[in-house]
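One structure below.
The values are calculated or read from the model by the stated rules, or taken from the named source; none is laboratory data. Because the structure is a prediction, the values reported are computed rather than measured. Quick reminder, even Gly has a Cβ in these numbers, built from the backbone with ideal geometry, and neighbours come from all protein chains shown.
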Amino acid sequence: MVHADNHAPVLSPSTHIVSPNTVLQVGINKGVLVNAVDKDKNLIYATLVTGAIHGSVQLLPGGGFIYTPKPGFTGKDKFIVKGTDNHSNSVQTVITLDVTLNLIPPATPAKPIPTRRAMLPHEIPGLLSP
């Protein structure tokens, strides 16, 4: 039975980044319901509508999920969810998964800062020393 004054919940699309050959575990604090809104303040449940093409998705209670990309896959994947408040359903929402190598360059060690009393590794004692 649909209540005449009930509003459907609203879910927001989101994007999550994961490295290839790595399982992504997303908790409820960043899951598919994190920005969900129900004007009637009803409890919202998430339902998986369409699974990912390039991996598997397990939707967890509270909106968290586990995504496992297929071995060796890199690129964009997605799955579709909807929310329900047991009175009406939300519009279907796309959750995008960006399966990519970590492109952040590795940290490099800091170079020594010369001081009046310190010698740099390439200095010859007595030649440039004070």
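Being within 15 Å of ILE95 (Cβ to Cβ), of a type in the set (Ser, Thr, Tyr) and either within 20 Å of the chain's Cα centre (by Cα) or part of a strand (DSSP E or B) (or both) is a property that THR47 has. Can you confirm whether region 108-117 contains a residue that is among the hydrophobic types (A, V, I, L, M, F, W, C), touching a Pro at 6+ places or on another chain (Cβ under 7 Å), modelled with pLDDT under 70 and more than 18 Å from GLY31 (Cβ to Cβ)? So far as region 108-117 goes, no, none of its residues is among the hydrophobic types (A, V, I, L, M, F, W, C), touching a Pro at 6+ places or on another chain (Cβ under 7 Å), modelled with pLDDT under 70 and more than 18 Å from GLY31 (Cβ to Cβ). The set of residues in region 20-48 being closer than 25 Å to THR74 by Cβ and touching a residue at least 40 places away in the same chain (Cβ under 8 Å) consists of PRO20, ASN21, THR22, VAL23, LEU24, GLN25, VAL26, VAL32.
Every residue, every condition in (1) on the phi > 0 side of the Ramachandran plot; (2) exposed (fewer than 13 other Cβ atoms within 10 Å of the Cβ); (3) of a type in the set (Asp, Glu), yes or no:
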position	(1), (2), (3)
VAL49	no, no, no
HIS54	no, no, no
VAL57	no, no, no
GLY62	yes, no, no
PRO71	no, yes, no
PHE79	no, no, no
SER90	no, no, no
LEU97	no, no, no
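In this structure, is TYR67 of a type in the set (Phe, Trp, Tyr), surrounded by 15 or more Cβ atoms within 10 Å (Cβ to Cβ) and over 14 Å from THR96 (Cβ atoms)? No; evaluated as a whole, the condition is false for this residue.
Can you tell me which residue in region 64-76 is farthest from THR47 (Cα to Cα), limited to those that are over 13 Å from the mean Cα position of the chain (by Cα) and small (Gly, Ala, Ser)? Once the filter is applied, the top-ranked residue is GLY72.
Only one of these conditions is not met by VAL2: (1) β-branched (Val, Ile, Thr); (2) in a loop (DSSP other than H, G, I, E, B); (3) modelled with pLDDT of 95 or more; (4) loosely packed, with under 13 Cβ neighbours inside 10 Å. Which number is it? Answer for VAL2: the failing condition is (3). Residue check: SER14 meets all listed conditions (1) exposed (fewer than 15 other Cβ atoms within 10 Å of the Cβ); (2) under 11 Å from ILE95 (Cβ atoms); (3) among the hydroxyl-bearing types (Ser, Thr, Tyr) but one, namely (1).
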